[in-house]
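J.: Once you've had a glance at the structure underneath, I'll fire off some questions.
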């Protein structure tokens with residue numbers, strides 16, 4: 001965590017030990033994926049709709065039809081939670097099944113949002 005004053009004298013708090021998990025799933029699956037992420041410790045999510053392009057009619061020799069309507073779930077979590085949340089989301093999205101989706105995790109250099117003063121104090125005491 002980095003806290004510094006901007007040019008207006010306002011404090012900006014930037015989180016530095018966070019990761020962005022992006023999960024692209026079939027339409028209708030995002031709710032289950034988000035629910036499992038929350039059970040694993042995620043605090044919130046952003047879900048939006050997208051269209052997939054590429055191999056659309058058939059996927060490989062299995063002949064599995066791939067729907068072009070997708071839901072994209074973005075979740076920012078602490079690095080210590082990241083692997084646990086990632087695994088739960090993968091299982092909930094059935095990503096081990098051909099054509100069900102794709103997921104990746106990216107370490108973020110900085111992320112900023114409002115953090116209540118009591119949470120900042122707790123982080124400072126913990127040495128973060």
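J.: Using a cut-off of under 13 Å, list every residue of the stretch 78-117 whose amide N is near the label point 7 Å from the Cα of residue 35 along the Cα-to-beta-carbon line.
T.: Residues passing the 13 Å test: 92-93.
J.: In what sequence, highest mean first, do 23-35, 103-115 appear when ranked by Cβ atoms within 10 angstrom?
T.: Per-residue Cβ counts within 10 Å, averaged per peptide and sorted highest first, yield 23-35, 103-115.
J.: Which residues does a label at residue 2 reach in the stretch 103-122, if reach means a backbone N under 12 Å from a point 7 Å past the Cα toward the Cβ?
T.: Of the residues in the stretch 103-122, 109-112 have backbone N under 12 Å from the label point off residue 2.
Only the coordinates and a few stated rules stand behind these numbers; no lab work does. All of these numbers come straight from a predicted model, not from anything done at the bench. Glycine gets a Cβ as well: all are built from the backbone with ideal geometry, and neighbour counts include every protein chain shown.
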